[in-house]
Amino acid sequence: MAAGARPAPFSAVGCSAGGGQPHRAASAGLRPGSSPRAAALSLALQQALRALRETTQATVIVLDIDPAIRQRRIGARIECGTVDPFDRYMLADRVRAERIEGGLVELAIRYLNAAVIENDDLDAAALERELERVLGRPAPFPSP
């Protein structure tokens, strides 16, 4: 993208997450920003995240997945032979993975104004409806 150019009006960024952290963070009063983790961010990183949001004007969407469901999905990918390095990382130390993931979700919500979609068992049609609800318009899926 050329310097100063704006992204397409339908730009969106998706992020898969788990553990219900966005909901726990919101219910614990961490949104819009009283988290000790978020407070530990350097001023430079906070400014960079805000600049990213303002510059790209992207819509950020977090797909929140319960940890047990994620483990089941990873197990299915292992059986199918489609497991990837991130899946292996998530399995290696589940507590650490959930903690890191929770922090990333919190950053997305706090600094990128991410919307959250619970994606525990949504089929393709239900996920598309949720995306349309969050975006406020039909989801911009590329044609096949």
So for the stretch 130-144 (the condition being modelled with pLDDT under 85 and polar (S, T, N, Q)), does at least one residue qualify? yes
Residue among Leu122, Leu91 that is part of a loop (DSSP other than H, G, I, E, B) and free of Cβ contacts under 8 Å to residues at least 24 places away in the same chain: Leu122
List the residue pairs whose Cβ atoms are under 7 Å apart, where the first residue sits in the stretch 62-86 and is farther than 13 Å from Glu98 by Cα, the second is outside any helix (DSSP H, G or I) and among the aliphatic types (A, V, I, L, M), and the two are 6 or more positions apart or on different chains. Val62/Ala17; Val62/Ala114; Val62/Val116; Leu63/Ala17; Leu63/Ile117; Ile74/Val83; Arg77/Val83
Would you check if there is a residue in the stretch 95-112 being free of Cβ contacts under 8 Å to residues at least 40 places away in the same chain and in contact with a helix residue (DSSP H, G or I) (Cβ under 6 Å, 6 or more places away or on another chain)? yes
Need the failing condition index for His23 against (1) out of contact with any Lys or Arg (no Cβ under 7 Å at 6 or more places or on another chain); (2) in a helix (DSSP H, G or I); (3) at pLDDT 85 or above, just the number. (3)
Inside the stretch 108-138, the number of residues satisfying the requirement of being under 15 Å from the mean Cα position of the chain (by Cα) and over 19 Å from Arg70 (Cβ atoms) is 8
Search result, residues across the stretch 92-103 that are at pLDDT 85 or above, out of contact with any Pro (no Cβ under 8 Å at 6 or more places or on another chain) and not basic (Lys, Arg): Ala92, Asp93, Val95, Gly102, Gly103
State whether the residues of the stretch 51-66 include one that is at pLDDT 85 or above, part of a helix (DSSP H, G or I) and of a type in the set (A, V, I, L, M). yes
Residue set Ile78, Ile100; condition hydrophobic (A, V, I, L, M, F, W, C), assigned to a helix (DSSP H, G or I) and farther than 28 Å from Ala40 by Cα; output residue Ile78
Filter the stretch 45-57 down to the residues that are within 17 Å of Glu106 (Cα to Cα) and touching a residue at least 24 places away in the same chain (Cβ under 8 Å) and list them by number. Gln46, Leu49, Arg50, Leu52, Arg53
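The values are calculated or read from the model by the stated rules, or taken from the named source; none is laboratory data. Note that the structure is a prediction, hence the values are computed from the model and not measured. All Cβ positions, glycine included, derive from the backbone under ideal geometry; neighbour counts span all protein chains shown.
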